Amino acid sequence: MKRIRDFIHKADMKRFRFWLQIFFFVIFIYGGYFAINLGTSIPVFSCGFDQEVGGMCYFLPLQHQLARPLDVLFSVASISVLIGFVTFLLWFIVFNKAWCGYACPLGTMQDWLTGLRKRLGIRYSTYTQPQFNKLKKIKYIMLALVILSPMAVGMGLLEREWVTAFCSICPGRMVTPLFVGDTSQWSLDFSSKSAMILTALGLVFTGLFVVGSFVKKRFFCFFCPMSAMHYIFSDAALLKLKKDGDKCTKCGDCYAVCDMQIKDIADDVTSTNILRDDCILCLKCVAACPEDDALHVDILNMKLFTSTKGGFEKRMGMQTYKGAADE
Amino acid sequence: MNSLQSHAIETPNEKQNRHKAMEAIKVLNTLKEGFKAPPKAMDYFYNLFEDVYCKQKPLHKDKVKVGTMCIQIPSEIIYALDGVPIRLCNGFYTDDEIGSEFLPQKACPLVKASVGHLASKNLIDKPDMIYSPTTCDQKTKAGTLIKSFGYDVVDVDFPRTKESEISREFFRRSIREFSADLSLKMGKKLSRKKLKASISKIGYAQSLYHRLSDFRKNRAVPILGNDMFLVTNAFFFDKIDNWIDACEKLVDELEQRVKDDIHAGGKISPRIVYTGSPPIFPNYKIPIIIEDSDAIIVADETCSSNRMFNDRVAVDEWFVNDMIDSLADKYLKACTCPIFSKNDDRIRRIIELVRSFNADGVIYQAFAGCTVYELEQRSVLEAMEREGISILYIESDYSPSQQGQLSTRVEAFVESLKIKNRNKT
């Protein structure tokens with residue numbers, strides 16, 4: 001038992017994550033080819049515009065379901081909306097935000113762009129703290145768009161095109177189908193004024209997505225409404241990111257490796273539940289923590305993966321004299 | 001006539017060397033012979049200190065030596081530029097007396113000794129340049145004073161708070177400036193490969209310290225606190241490769257000692273966490289009194305020991321700027337120096353050390369004149385009281401006097417801890 005635990009805690013998280021991400025990428029993007037269908041309530045951006053999707057992003061069906069008159073929306077007829085939502089919650093509650101760090105195809109694509117930049121020897125950029133604090137609110141505005149825009153259509157306030165307003169501007173709609181050779185999303189829709197605005201915005205955001213995530217690690221996740229939605233329910237999740245503040249020395253190693261620049265991970269020594277709204281639960285912080293048990297992921301209060309001195313030394317290439325950390 | 005010729009008059013430098021040798025050998029002999037047999041691997045360190053301080057043997061003749069006035073100068077960067085960091089914090093009473101000429105009587109003996117040492121210009125490994133982080137008032141002022149002696153001294157800006165984002169950015173910049181300045185002086189570019197290698201090497205050296213420390217968590221503590229101070233002090237000036245080799249041997253030996261259940265202390269010796277002003281060779285006055293009084297130091301929270309080794313650097317992408325930023329964060333954010341406005345981190349660390357090393361009490365020592373440690377004394381004492389941890393506060397300096405009074409106080413404290421332990425069982 002001890003040996004198994006030792007093996008896990010000293011695991012090469014980078015490689016583990018890389019392969020797990022590929023696994024989920026194949027399932028979600030190419031699932032159709034293997035007749036995999038995990039439903040339409042998946043809590044990641046596995047875009048429904050991809051014909052071969054192996055489990056659809058919950059936002060596309062959600063928006064369609066919400067676009068009905070208010071009296072219908074709040075009647076028994078909407079039991080299907082509720083069922084979809086409960087399924088979403090069930091998926092989410094098991095893995096918490098690890099969906100973002102390990103399963104989201106859009107997240108994986110960003111990590112690949114990061115890898116490319118790293119290969120080219122270009123340093124990543126970061127936000128300053130005030131920028132960070134302002135920008136992080138955008139994802140809640142996006143979430144409001146996801147929910148309110150179809151409702152407004154249902155109430156007759158907006159044109160039909162606004163039902164899936166978020167999908168129209170989401171870079172996932174344009175980028176994801178490319179992986180199955182479908183370029184049909186790459187067009188401006190001139191059929192109406194709203195459609196034109198939305199598809200034009202979509203193009204802009206897709207451009208920003210590619211450039212942004214090349215320069216900044218996990219650029220899009222910062223604005224992701226799914227991430228905002230996750231955070232609302234993350235307290236109920238089974239998988240938890242915990243911190244033992246007594247053992248923390250604030251050395252900042254976790255902050256240095258954090259793709260999302262979450263400062264609390266290093267500076268907050270009072271919260272035990274250290275998951276923040278931007279967190280993607282990639283566990284890089286746990287892997288980079290040099291203190292025994294200061295950071296750990298728990299499932300039902302059982303330590304699944306915890307920070308250890310030995311694991312840190314191994315991952316940072318400090319186990320031997322001549323050792324150098326792996327790239 | 002003949003007798004007159006053979007009678008050479010001792011120069012001030014010779015006198016200084018002789019006095020320092022006497023101070024050094026006295027402490028080394030106490031460590032070697034005053035206690036139960038020390039680990040054999042300690043011989044390397046005893047000989048090292050004897051060579052350097054009694055025989056004045058230089059260690060880095062052909063290298064560029066970079067003097068540092070505090071721990072906040074990243075030695076990783078110095079090594080990466082092929083320099084050797086020499087920490088100039090000094091523990092000699094002889095140098096303290098020389099320094100008294102330049103600083104107020106009530107100044108901190110550590111600062112006085114460091115200034116005195118540099119004022120005498122009688123250095124074994126003379127630094128080619130000195131970086132002085134602006135930590136406490138006295139160190140900050142000392143930097144300028146030392147410059148007036150003709151040394152190349154560069155101030156490295158260090159913030160006095162560390163919670164704010166401004167301070168983080170400030171110090172990152174400061175370290176970038178430092179590495180640019182050093183790289184200019186060394187005529188070398190800081191390369192990614194070399195910096196990464198030196199971070200790994202220092203990280204490995206730190207891991208060795210962690211391993212040595214972990215042995216002290218056992219009920220039978222295989223090494224004295226004083227010997228550990230000697231090991232960590234050697235890191236101030238030793239050749240890093242030799243230090244690593246010696247520590248590897250020490251780790252192996254202590255591992256065996258733990259298996260054999262060899263205890264460096266007595267059967268009921270209370271376990272002490274040592275904190276406060278740093279014990280720097282040969283000023284082991286208080287640590288020796290503690291371990292002479294049948295207590296054993298199992299851990300410490302000082303900048304001459306634990307604080308140098310505890311925190312290690314992690315980097316995500318290993319570009320030069322990432323590494324520098326991460327280094328800066330470590331040297332600022334993890335630092336528990338009392339010069340900062342708040343000291344919650346230091347209190348948390350002491351409590352954590354007491355818990356994880358299963359200590360019976362804390363001894364807090366401040367040099368008379370070390371204002372910041374004196375200032376913090378009250379809040380630390382209050383926090384320990386809240387946690388139900390016994391603590392003794394003592395003030396001392398580098399002078400060889402007042403031994404009797406200090407040992408009485410320490411002995412009484414150790415005795416009280418023993419009684420407490422007896423009542424518990």
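Relative to the longest principal axis of the Cα atoms of chain A, the long axis of helix A:79-95 makes an angle of roughly 10 degrees. Taking the helices alone, chain A has a mean residue ellipticity at 222 nm of -14000 deg cm²/dmol, built from -39,500 (n - 2.57) per DSSP H run of at least 4 residues and averaged over all its residues. Couplings 3J(HN,Hα) of segment A:222-231, computed from phi: 4, 10, 6, x, 5, 4, 5, 4, 3, 4 Hz, in residue order, whole Hz [Karplus 6.51 cos²θ - 1.76 cosθ + 1.60, θ = phi - 60°; x for Gly and Pro]. Between A:205, A:34, A:233, the residue with the greatest mean-square fluctuation in the GNM of chain A (Cα pairs under 10 Å linked by springs) is A:34. Debye-formula intensities of segment A:4-87, expressed as log10 I(q)/I(0) at q = 0.14, 0.25 Å⁻¹, are -0.63, -1.08 (one equal scatterer per alpha-carbon, no solvent). Measuring max minus min along each principal axis, the C-alpha atoms of segment A:24-178 give extents of 57, 44, 29 Å (largest first). Taking every DSSP bridge with both residues inside chain A, close to 90 percent are antiparallel.
Taken residue by residue and averaged, Cβ atoms of other chains lying within 10 Å of the Cβ of B:330-340 number 3. Put simply, the Cα atoms of segment A:102-231 extend 51, 37, 25 Å along their principal axes, the longest span coming first.
In chain B, Rg over Rh equals 0.96, where Rg is the alpha-carbon radius of gyration and Rh the Kirkwood radius from pairwise Cα distances. Of B:295, B:328, B:41, the residue with the greatest mean-square motion in the GNM of chain B, using alpha carbon springs below 10 Å, is B:41.
Distance distribution P(r), segment A:210-250, all Cα-Cα pairs, bin width 10 angstrom from 0: 23, 28, 36, 13, 0 percent. Distance between the modelled labels on residue B:419 and residue A:79, one decimal in nanometres: 7.7 nm (7 Å Cα→Cβ projection). For segment B:308-345, trypsin sites (Lys or Arg not before Pro) meeting the loop criterion (DSSP other than H, G, I, E, B) and having at most 16 other Cβ atoms within 10 Å: B:342.
All other residues whose Cβ lies under 11 angstrom from that of residue A:18 are scored, Lys and Arg at +1 and Asp and Glu at -1, for a net of +1. Each DSSP beta bridge with both residues in the protein assembly as shown is either parallel or antiparallel, and the antiparallel ones are about 25%.
Normalised by residue count, the protein assembly as shown yields a Cα convex hull volume of 191 Å³ per residue. Here the contact order of segment A:238-315, divided by its residue count and restricted to Cα pairs under 8 Å and six or more residues apart, works out to 35 percent. Restriction of the GluC sites (Glu not before Pro) in segment B:68-141 to DSSP coil positions whose beta-carbon has at most 16 other beta-carbons within 10 angstrom yields B:101. The GNM of chain A, with springs linking C-alpha atoms under 10 angstrom apart, assigns the highest mean-square fluctuation among A:164, A:270, A:114 to A:270. Sorted largest first, the spans of the alpha carbon positions of segment A:127-170 along the three principal axes are 41, 17, 10 Å.
None of the figures in this text is laboratory data; all of them are computed from the coordinates on show. This structure is a prediction, so every number in the text was calculated from the model and none was measured. FYI the Cβ positions are ideal-geometry reconstructions off the backbone, even for glycines, and counts take in every protein chain you see.
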